[in-house]
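Have a look at the structure below, then the notes.
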Amino acid sequence: MSDTVQKLLRPNGFVDLAWPPVAAFIAIVILWEGLIAVFEIPVYILPSPASIWLAITTNPGPLFGHAGITLYEAVAGFIIGSLMGAVLGTVFAYSKIIARGLLPYVIAANTIPVVAVAPIIIIWFGHGIGSKIAVTAFLSFFPLALNMMKGLQSYDRTIMDVFHIAAANGPQRFFKMRLPSALPYVFVGLKLNVTFSVIGAIVAEFVQADKGLGFVIMTSYRTLAMPRLWAAMLMSALIGIAFFALIALLERIFVPWHASAQDNR
Amino acid sequence: MAEPQRVPPPAPEAFVSIAGLSLTYGAPGQVLVNALQDIDIAIDKGQFVSLIGPSGCGKSTLLRIIGDLLSPSTGKVLIGGSEPREARLDREIGFVFQDSALLEWRRIRENIALPLELRGTPKAERERKAEELIQLVGLDGFQKAWPRQLSGGMRQRAAIARALSTNPRILLLDEPFGALDQITRDRLNMELARIHEVTGVTVVLVTHSIREAVLLSDRIVVLTPRPGRISRFIDVDLPRPRGLEVRNDERFDDLVRLGNRELEKGYM
Ligand SMILES: Nc1ncnc2c1ncn2[C@@H]1O[C@H](COP(=O)(O)OP(=O)(O)O)[C@@H](O)[C@H]1O
Ligand SMILES: [Mg+2]
């Protein structure tokens, strides 16, 4: 047996971890298919797994095209919003007076429901993809701003003394002490943003769009094309899961020293 | 052997001279804490000095002034003729805290080399020095370990190695072994004695333990609280090098008793 196969098969290897959810998935699909056949549930209430599969596989081009648009909006908004949030969080961490002045408004803005703010942003940024990215960026902004600030303030005071004794300069303190100690917090913010960015893209598409999974969901809803609606819904979930897995992988690469990355090694 | 005597104020040629030092904590309008008052100490080059006294008597405050982490209200500290600030900027001060304060995101070798990295020492030179220090403090095999994989005693070994990385002329330690169990503590005491012997660095150690102070020091400075003052100097005339067996020595017990008697005054 090759090394890789052995790794996959050993306790806590991939196979060991993956088989229960896979088995559960197969069981649910069979039960689902069976219930629909037995109780003759109409397709607009609950489409069968087979009909959803058909909705995905017959003429898959357009559906995957829409999924690609939503993925693009989510990722672009995630990156822009997270970057801007990181910058503001850093400003807050370094300037008490700016933080005291603006933090209450940032927290207040964070509580505005995205559905209320999306139409305004779409008026500002137009009917293209740009406005969907802006809505997504708006949602991704706050979690990172707050976590970045908290993270940069979380450094150990004795480590600060160590840097003082070693006559470190300002940039060295930032890049070698405060930023590394902030990384676990940054990843908390990024993981929140993953979920928010998919929500933001789809909500913005609900408000106004002619492409994307949110658009597919709205049009399928109007025509009661339920298998297609379910297909779009499942694809948006898959986008979120894949995106989350990517961030979790980056966390392991960039924060290998932290407990959350070590305990599930 | 004569009873140790109160020692007169520092001679100006001492390596470290602390003269007329006092420090009062608290901004105007707040409660003022007179943490240190009239402190005069002279330390010779290569000497091992311990500061001992009940908690709150200003030991950490005094050590932090020497290390330029605090400025005194009055008085002056000179290290090899320089102000603490100059000495610090010349990387002549090593500081070890009770908490090892290792950077969790760096492996042990990179932790030890941190002060060199901050000074801009080339990588090859840093690694050579870190390796040398790893051997010195007995951490061979842990070069690539993460700090969280190390025990408390090993973390303090790494902290000592880090403090020594720039070849400081003075090593300041603030209760470095206070959180360790007795056996680990004994072992690290011996390591510290050996490091002092081979490097010839001047050491100021803050400790709670009179036995630790007698075991390691050339001279013990006993402080009393409120305000923190020097109540007496005890010169330790036990021969060097010392092993743990020196604790079976009668002279060792005499010095411990003397120290304890002096310390008890501070608790009244
Ligand atoms: N930052 C501070 N502000 C006000 N008082 C302080 C501060 N740090 C220490 N003190 C007070 O100064 C005295 C000496 O403290 P410290 O030097 O830490 O004592 P030790 O290290 O001997 O236990 C104590 O009474 C302590 O409460
Ligand atoms: Mg103290």
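The values are calculated or read from the model by the stated rules, or taken from the named source; none is laboratory data. It should be emphasised that the depicted structure is a prediction, and the values quoted were computed from it without experimental measurement. Virtual Cβ from ideal backbone geometry, glycine too; neighbours counted across all protein chains shown. The protein model used for the area step is the full one, side chains on, heavy atoms only, and it has no ligands, DNA or RNA in it. Shrake-Rupley method; radii C 1.70, N 1.55, O 1.52, S 1.80 Å.
Using each residue's phi in region B:138-143, evaluate 6.51 cos²θ - 1.76 cosθ + 1.60 at θ = phi - 60° and report the 3J(HN,Hα) Karplus result to the nearest Hz, with x for Gly and Pro.
For region B:138-143, the Karplus curve yields x, 10, 4, x, 10, 3 Hz.
Summing Lys, Arg as +1 and Asp, Glu as -1, what charge do residues with Cβ under 11 Å from the Cβ of A:ALA204 carry, A:ALA204 excluded? Please report the intermediate quantities before stating the final value.
Working: positive: A:LYS132; negative: A:GLU73, A:GLU205.
So the environment of A:ALA204 carries a net charge of -1.
Return the lysines within reach of A:LYS176: Cα separation strictly under 19 angstrom, same-chain partners fewer than 8 residues apart disregarded; answer none if there are no such residues.
Cross-link targets: A:LYS150, B:LYS123, B:LYS144.
How tilted is helix A:179-207 with respect to the longest principal axis of chain A? Cα atoms for both, answer in degrees (0 to 90, nearest 10).
Between the helix axis and the principal axis of chain A, the angle is about 40 degrees.
Round to the nearest 10 and give me the degree value, 0 to 90, for the angle of helix B:152-164's Cα axis relative to the longest principal axis of chain B.
Approximately 90 degrees, to the nearest ten.
Quick one: net charge around A:TYR185, please, counting Lys, Arg +1 and Asp, Glu -1 for every other residue with C-beta under 13 Å from its C-beta.
Values: positive: A:LYS150, A:ARG178, A:LYS191; negative: A:GLU251.
Once positives and negatives cancel, what remains is +2.
Just how much of A:THR195 is accessible, in Å², when a 1.4 Å probe is used and the result is rounded to the nearest 10?
In the full protein context, A:THR195 sits at about 80 Å².
Per residue, what accessible area does the protein assembly as shown have, given a 1.4 Å probe and all protein chains present, in Å²? Numbers along the way, then the final one.
On the way: 26020 Å² over 533 residues.
I get 49 Å² per residue for this part.
May I ask you to evaluate 6.51 cos²θ - 1.76 cosθ + 1.60, the Karplus curve with θ = phi - 60°, for each residue of region A:17-33 and list the ³J(HN,Hα) values in order in whole Hz, giving x for glycine and proline?
In residue order, the calculated couplings are 7, 8, 5, x, x, 5, 4, 5, 4, 4, 4, 5, 4, 5, 4, 4, 4 Hz.
For the protein assembly as shown, give the magnitude of the charge dipole about the Cα centre (Cβ charges: +1 Lys/Arg, -1 Asp/Glu; no others), in debye to the nearest 20.
Values: 53 positive and 47 negative charges, 155 e Å.
Dipole of the protein assembly as shown, to the nearest 20 debye: 740 debye.
Toward the positive end of the charge dipole of chain A, about the Cα centre and with charges on Cβ (Lys, Arg +1; Asp, Glu -1), which of A:TRP32, A:ILE217, A:PHE163 goes farthest?
The residue sitting most towards the positive pole is A:PHE163.
Counting partner chain Cβ atoms within 10 Å of every residue's Cβ in A:153-162, what's the average? The partial results should precede the final answer.
Details: counts 0, 0, 1, 5, 3, 9, 8, 2, 8, 14.
Mean partner-chain Cβ count within 10 Å for A:153-162: 5.
Charges on Cβ only, +1 for Lys and Arg, -1 for Asp and Glu, centred on the Cα centroid of the protein assembly as shown; of B:VAL201, A:TRP53, A:VAL114, which one is farthest towards the dipole's positive end?
A:VAL114
Counting only other chains, and only Cβ atoms inside 10 Å, what mean value do you get across the residues of A:167-180? Each step should come with its number before you reach the end.
Values: counts 11, 5, 1, 0, 0, 5, 1, 0, 0, 6, 4, 0, 1, 4.
Mean shielding count: 3.
So which of B:LYS59/B:LYS265; B:LYS76/B:LYS129; B:LYS45/B:LYS265 end up more than 25 Å apart, counting from Cα to Cα?
Values: B:LYS59/B:LYS265 16 Å; B:LYS76/B:LYS129 33 Å; B:LYS45/B:LYS265 30 Å.
Check vs 25 Å cut-off fails for B:LYS76/B:LYS129; B:LYS45/B:LYS265.
Add +1 for every Lys or Arg and -1 for every Asp or Glu among the other residues with Cβ under 14 Å from the Cβ of A:ARG157, and state the total. Numbers along the way, then the final one.
Working: positive: A:ARG173, A:ARG178, B:ARG64; negative: A:ASP156, A:ASP161, B:ASP99, B:ASP174.
Net charge around A:ARG157: -1.
Treating only the Cβ atoms of Lys and Arg (+1) and Asp and Glu (-1) as charged, compute the dipole magnitude of chain B about its Cα centre; round to the nearest 20 debye.
Details: 37 positive and 36 negative charges, 133 e Å.
Approximately 640 debye in magnitude.
What is the interface area between chains A and B, defined as buried accessible area summed over both chains with a 1.4 Å probe, reported in Å² to the nearest 100? Walk me through the numbers before you get to the answer.
Numbers: alone 15410 and 12690 Å², together 26020 Å².
Heavy-atom accessible area buried at this interface is about 2100 Å².
Pop a pseudo-label 7 angstrom from the Cα along the beta-carbon direction at both A:ALA248 and A:LYS7 and give the gap in nm to one decimal.
Using points 7 Å along Cα→Cβ, the separation is 1.8 nm.
Which ³J(HN,Hα) values in Hz, rounded to whole numbers, follow from the phi angles of region B:222-236 under the Karplus curve 6.51 cos²θ - 1.76 cosθ + 1.60, where θ = phi - 60° and Gly and Pro get x?
Going residue by residue, I get 8, 10, 10, x, 6, x, x, 10, 7, 8, 5, 9, 10, 8, 9 Hz, with x marking Gly and Pro.
How would you rank A:126-133, B:207-214, highest first, on the average number of other Cβ atoms within 10 Å across their residues? Walk me through the numbers before you get to the answer.
Details: A:126-133: 18.9, B:207-214: 21.2.
Output ranking for A:126-133, B:207-214: B:207-214, A:126-133.
Note down the magnitude of the dipole of region B:117-268 about its Cα centre, charges +1 on Lys and Arg C-beta and -1 on Asp and Glu C-beta and zero elsewhere, to the nearest 20 debye.
Details: 26 positive and 23 negative charges, 110 e Å.
Roughly 520 debye, rounded to the nearest 20.
Quick one: accessible surface of B:ASP181, probe radius 1.4 Å, all protein chains present, in square angstrom to the nearest 10.
The accessible area of B:ASP181 comes to roughly 90 Å².
Residue by residue through B:103-114, how many Cβ atoms from other chains fall within 10 Å of the Cβ on average? Present the calculation step by step, with values, prior to reporting the outcome.
Working: counts 10, 9, 12, 3, 2, 0, 0, 0, 1, 0, 0, 8.
Mean inter-chain Cβ contacts per residue within 10 Å come to 4.
Just B:PRO122, B:PRO176, B:PRO147 to compare: in a GNM of chain B, with alpha carbon springs under 10 Å, which one fluctuates most?
B:PRO122
Quick one: Cα centre-to-centre distance for region B:6-81 and region B:124-170, in angstrom?
Using only Cα atoms, the two centres lie 29 Å from each other.
What are the lysines whose alpha-carbon lies under 22 Å from the alpha-carbon of A:LYS132, with same-chain residues fewer than 8 places away excluded?
Here the lysines satisfying the reach criterion relative to A:LYS132 are A:LYS191, A:LYS211.
Can you grab the distance from the C-alpha centre of region A:152-210 to the C-alpha centre of region A:1-52, Å, no decimals?
Spelled out, the Cα-based centre of one part sits 37 Å from the other.
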